[in-house]
Amino acid sequence: QVQFVESGGGLVQPGGSLRLSCATSGSIFSIYTMGWYRQAPGKQRELVAAIWSGDSTNYADSVKGRFTIARDNAKNTMFLQMNSLKPEDTAIYYCNKNPPREDYWGKGTLVTVSS
């Protein structure tokens, strides 16, 4: 059973940075196409960044140039470096395969951007 566990969220001022981590117990993590998703209050969950097994990446327009997705296959871990954070980045952030599997959603990690 694959599990994803997100961490690294918190409260940060506008313009600040956070680094999120996603750990998994899956033994075949390295072949997955993975994604970071977020769900803001009252909004649908959206994909913000994706990374393929060959380390190609793609980003939502709203985070392009500010967020960086990366993975460490040896440690079964994925990261999301978030810089120049804005209040509209406030959301619960989740990791999952891309496209996501419904039974793989974790609890997420809350990011709050506020002064």
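The values are calculated or read from the model by the stated rules, or taken from the named source; none is laboratory data. For clarity, every value in this text was computed on a predicted model and none was experimentally measured. Here the Cβ is made from the backbone with ideal geometry for all residues, glycine too, and neighbour counts use every protein chain on show. Just the protein is used for accessible areas: all its heavy atoms, side chains included, with ligands, DNA and RNA removed. Shrake-Rupley method; radii C 1.70, N 1.55, O 1.52, S 1.80 Å.
Here are some notes:
- The residues of segment 34-56 that are of a type in the set (D, E) and more than 15 Å from D89 (Cβ to Cβ) amount to a single one, D55.
- Considering residues of segment 25-52 that are open to solvent by less than 30 Å² (accessible area, probe 1.4 Å) and free of Cβ contacts under 8 Å to residues at least 60 places away in the same chain only, the residue farthest from R66 (Cα to Cα): G26
- Filtering G35, G26 for residues that are at pLDDT 95 or above and not aliphatic (A, V, I, L, M) leaves a single hit, G35.
- Tabulated pairs, segment 99-113, first within 15 Å of M34 (Cα to Cα), second open to solvent by 100 Å² or more (accessible area, probe 1.4 Å), C-beta under 8 angstrom, 6+ apart or interchain: Y104/Q3; G106/Q3
- Qualifying position, being open to solvent by 60 Å² or more (accessible area, probe 1.4 Å) and either touching a residue at least 12 places away in the same chain (Cβ under 8 Å) or among the basic types (K, R) (or both), among L20, L11: L11
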